[in-house]
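A short worksheet on the structure shown next.
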Amino acid sequence: MKRNLPGFLVLVTMFLLQACAAQSHLVQDELQTVTKENLKYYLYYPEEYFDSENEFGLLLFLHGGGESGRNVEEIKDTGPPKMLAEGKQFPFLILAPQNSHAKKWWNTDAVVQLLDSVVDASRVDKHRLYLTGLSRGGSASWELATQYPDKFAAMAVVCGMTPLPYAHWIDKDMPIWVFHGEQDDVINVEESDKMVEKLREMGHDVRYTRYKGVGHNAWGRAYTTDSLYTWFAEQKRID
């Protein structure tokens, strides 16, 4: 008597799979993890800080991918740190950490731990914490705004990107200023277009500066806009 070999193999396979399934177990367990991050940073104090007992605001600046995992001195190549190196004075403290990973996103939890430690050790008004970042740091700024919606008094994002659903988690009372170059070939300007449109539909206070003829380096113009820092200094969270 001839046996139908293909059919026989199918039956054997099904039997083995059922046997394996019968022997499988769903295990519930728990593991407490610890993640350490080595964050180098620059911290700027305005001259007035040492001449008074007043509390000051603080601007947290997150650089882009080009400065990640490199010499910490390169933080001074862009944004407020560059302006500080050139002699610019600001009316608030500026905290500029470095992302130590060249190929990874910012560890935003570690950044907030650093921020909190600086705030606790300095005369900083917790109602005047400001947030800004460019490119990869701009994307991290959007992320921080969703993870810590009650922390910052205002935020400025330069050529960053974020998923549109993040708009639902951002505090409506926090003013936002977005900058982007129309010719950006790294992070398309539509990333900011769509997010700004979504936030405005939801009733957020959003300013949008869209530079004509400018590529990914929109930060060169954004951070030399004096009115940006005046705008920051005017903002204060109300509990």
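The values are calculated or read from the model by the stated rules, or taken from the named source; none is laboratory data. All values derive from a computational prediction rather than experimental measurement. All Cβ positions, glycine included, derive from the backbone under ideal geometry; neighbour counts span all protein chains shown. Ligands, DNA and RNA are stripped out before the accessible areas are found, and what is left, the full protein with its side chains, is counted by its heavy atoms. Shrake-Rupley method; radii C 1.70, N 1.55, O 1.52, S 1.80 Å.
General remarks:
- Looking only at segment 73-97, and only at residues there that are open to solvent by 20 Å² or more (accessible area, probe 1.4 Å) and assigned to a loop (DSSP other than H, G, I, E, B), the one that is nearest to Asp51 (Cα to Cα): Pro91
- Residue in segment 156-166 that is among the hydroxyl-bearing types (Ser, Thr, Tyr), in contact (Cβ under 8 Å) with a residue 12 or more places away in the chain and open to solvent by less than 10 Å² (accessible area, probe 1.4 Å) present: no
- Test result for Val178, of a type in the set (Val, Ile, Thr), farther than 28 Å from Pro46 by Cα and within 19 Å of the chain's Cα centre (by Cα): no
- Residue list for segment 144-155, restricted to those being small (Gly, Ala, Ser) and either without any contact (Cβ under 8 Å) to a residue 40 or more places away in the chain or open to solvent by 50 Å² or more (accessible area, probe 1.4 Å) (or both): Ala145
- Residue satisfying all of: in segment 55-72; modelled with pLDDT under 95 and farther than 18 Å from Val158 by Cα; surrounded by the fewest Cβ atoms within 10 Å (Cβ to Cβ) among these: Asn71
- Only listed residue being among the acidic types (Asp, Glu) and either under 18 Å from the mean Cα position of the chain (by Cα) or surrounded by 14 or more Cβ atoms within 10 Å (Cβ to Cβ) (or both), chosen from Glu234, Glu191: Glu191
- Each residue in segment 190-239 was checked for being of a type in the set (A, V, I, L, M, F, W, C) and touching a Leu at 6+ places or on another chain (Cβ under 9 Å), and 6 pass.
- Qualifying positions in segment 100-143 - without any contact (Cβ under 8 Å) to a residue 40 or more places away in the chain, surrounded by fewer than 15 Cβ atoms within 10 Å (Cβ to Cβ) and over 24 Å from Glu55 (Cβ atoms): His101, Ala102, Lys103, Lys104, Trp105
- Qualifying residue in segment 93-116 (condition: modelled with pLDDT of 95 or more, over 20 Å from Gly138 (Cβ atoms) and in contact with a Lys or Arg (Cβ under 8 Å, 6 or more places away or on another chain)): no
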